[in-house]
Amino acid sequence: QVQLVESGGGLVQPGGSLRPLCSSPGSIFSINAMGWVPQASGKERELVACVSWSGGNTYYEDSVRVRFANSKNNDKKMTYLQMNNPKPEDTAVYYCAAGPTLAGRASLYHYWGQGTQVTVSS
């Protein structure tokens with residue numbers, strides 16, 4: 001069974017950095033991509049970054065392309081979202097998501113964690 005557990009969120013100042021991470025303590029046999037899907041208050045979930053488990057290919061939404069980096073550690077079954085120069089509009093609950101293929105739409109990911117809050121504020 002696929003399990004996803006996020007951690008590493010918190011309060012960060014604009015222009016700072018933060019690195020949430022997602023661990024997968026259960027089976028990842030059916031997984032080939034993991035991504036990050038923020039959901040701001042009153043808004044829908046929108047995937048902003050993902051990485052393929054086998055080849056390491058990545059996808060980024062335009063608003064985070066030069067600021068965030070999604071990486072992985074296959075041995076530890078973990079994925080990381082390096083958030084550089086975060087902005088107040090990045091404030092959201094960040095969900096880790098996993099699915100069978102690298103895709104830029106949250107609806108194509110089958111498994112979800114519980115989320116970790118990221119607040120960007122001075």
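The values are calculated or read from the model by the stated rules, or taken from the named source; none is laboratory data. Here the structure is a predicted model, which is why all the values come from computation and not from measurement. Quick reminder, even Gly has a Cβ in these numbers, built from the backbone with ideal geometry, and neighbours come from all protein chains shown. Quick note on the areas: whole protein, heavy atoms, side chains included, nothing else; ligands and nucleic acids left out. Shrake-Rupley method; radii C 1.70, N 1.55, O 1.52, S 1.80 Å.
Odds and ends about this structure:
- Residue in the stretch 2-17 that is polar (S, T, N, Q) and out of contact with any strand residue (DSSP E or B) (no Cβ under 9 Å at 6 or more places or on another chain) present: no
- Residue within the stretch 22-44 that is touching a helix residue (DSSP H, G or I) at 6+ places or on another chain (Cβ under 6 Å), modelled with pLDDT of 95 or more and under 18 Å from HIS110 (Cα atoms) present: yes
- Within the stretch 88-118, restricting attention to residues that are in contact with an Asp or Glu (Cβ under 8 Å, 6 or more places away or on another chain), open to solvent by less than 40 Å² (accessible area, probe 1.4 Å) and not in a strand (DSSP E or B), the residue that is nearest to VAL51 (Cα to Cα) is GLY104.
- Residues considered: ASP62, ASP90. Of these, the only one that is at pLDDT 95 or above and within 14 Å of THR116 (Cβ to Cβ) is ASP90.
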